[in-house]
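Enquirer: Here it is, the structure, as structure tokens.
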């Protein structure tokens with residue numbers, strides 16, 4: 001159901017796109033395989049929080065759309081604070 005609708009939306013977006021402008025389509029169908037008729041379209045793939053823009057290129061054919069929109073954000077640890085370790089017990093605050 002969702003994959004057929006996506007293909008129909010891509011076809012209509014290609015027809016209605018102006019000259020020199022890429023067609024863009026929003027989708028939640030991360031399990032869709034990139035097909036030849038999707039090449040040249042900008043797909044906005046949902047990652048669970050927001051839509052990630054992806055320009056579809058010929059090298060992407062055969063891959064799933066979900067591979068191009070990462071769902072989890074990498075963890076970025078900050079520096080440890082005061083009292084985070086045993087040695088910081090002896091460091092004066094000021």
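Enquirer: Looking only at 13, 23, 84, which one moves most when the chain is put into a Gaussian network model with springs between Cα atoms under 10 Å?
Expert: Answer for the Gaussian network model of the chain: 84.
Enquirer: Right, something else. Among 40, 81, 20, which one moves the most in a GNM of the chain with springs linking Cα atoms closer than 10 Å?
Expert: Between 40, 81, 20, it is 81 that shows the largest mean-square fluctuation.
Enquirer: Can I ask one more? Go ahead and collect, in residue order, the members of the stretch 9-29 whose backbone nitrogen is under 15 Å from a label point 7 Å along the Cα-Cβ direction of residue 67.
Expert: Label zone hits: none.
Enquirer: Let me ask something additional. Which whole-number percent of Cα pairs in the stretch 2-68 have a distance greater than 19 Å?
Expert: 22 percent
Enquirer: For the chain, take the longest principal axis of its alpha carbons; what is the angle in degrees between that and the long axis of helix 2-16, to the nearest 10 within 0 to 90?
Expert: 70 degrees
Every number here is computed from the coordinates shown, using simple stated rules; none is lab data. Because the structure is predicted, anything quoted here is derived from the model rather than measured. Counting neighbours? That spans all protein chains shown, and the Cβs are built from the backbone with ideal geometry, glycine included.
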